[in-house]
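Input: a single structure, listed below in structure tokens.
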Amino acid sequence: ELGLFVRPLETFGALWPRVAALGEQRALRLAVLGGGATAIELALAIRQALPASSVTLVSGESGIAASFPAGLQRRLLKVLKQRGITLLPDLAVRLQAGQVVLGSGARLACDVPVIALGEHPPAWLSGSGLALDQRGFVAVDAFQRSTSHPHVFAAANVAGRAGRTLAKNLCALLAGSPERHAAPAPDP
């Protein structure tokens, strides 16, 4: 009721056009809640889509991209600053109409909180018949093939791993070349 959840993606996709239309009528105060890759990408995309609006990334106490290498974190901080995105390394503990209450006790004025916390598999996976890992994502082998259905490849939001290796393996499969092992997924 008070925030726009990124997941399920279908719901976000259906509601985002309303936010964008409102943002074209007046400058909005948007807060993206989360410090992972999804939250960072959304903050940057929102800045691009709604340049007159203010965008704040509430990243949590561990900061942005906590599981990423320090060099990448520094580059991301630089990009966020260059794009005029405010970074708050604080926890969002409660949403209220027109504001986000932070762990420090401060209140952030906000028209639209965009909630991009944690990785969650889509609900449809549970009834898909595919083998799932302990977190509910598609269980994949080193080539990003489903462990139960080797003709199914999975990555990103359904397998908990990045898709670069998947793209290379699909091309290799089509060309009759050997597949490549995927790099281990970072801990969430």
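Each label was represented as a point 7 Å from its Cα along the Cα-to-Cβ direction; for residue 66 and residue 79 these points are 2.1 nm apart.
Distance between the 7 Å Cα→Cβ label points at residue 11 and residue 25: 2.4 nm.
Projected label points at residue 94 and residue 131, each 7 Å from Cα along the beta carbon direction, are separated by 4.6 nanometres. Rolling a 1.4 Å probe over the protein heavy atoms of the chain, with every protein chain left in place, gives an accessible area that is 58 percent carbon and sulfur. Charging the Cβ of each Asp and Glu at -1 and of each Lys and Arg at +1, and nothing else, the dipole of the chain about its Cα centre rounds to 560 debye.
Taking only Cα atoms, what is the 0 to 90° angle, nearest 10, from helix 9-25's long axis to the longest principal axis of the chain? Roughly 30 degrees, rounded to the nearest 10. Report summary: the helix-based calculation at 222 nm, which adds -39500 (n - 2.57) for every DSSP H run with n ≥ 4 and divides by the residues of the chain, gives -9500 deg cm²/dmol. Residues in the stretch 22-177 average 54 Å² of solvent-accessible surface per residue, probe 1.4 Å, ligands and nucleic acids excluded.
Close amide H pairs (under 5 Å, H built 1.01 Å from N) link residue 5 with 115, residues at least 5 positions away or on another chain.
The values are calculated or read from the model by the stated rules, or taken from the named source; none is laboratory data. Predicted, not measured: the structure shown is a model, and the values here were computed from it. Cβ coordinates were reconstructed from backbone atoms using ideal geometry, including for glycine residues, and neighbour counts include every protein chain displayed. Remember, those area values only see protein heavy atoms, side chains included, never the ligands or the DNA or RNA. Shrake-Rupley method; radii C 1.70, N 1.55, O 1.52, S 1.80 Å.
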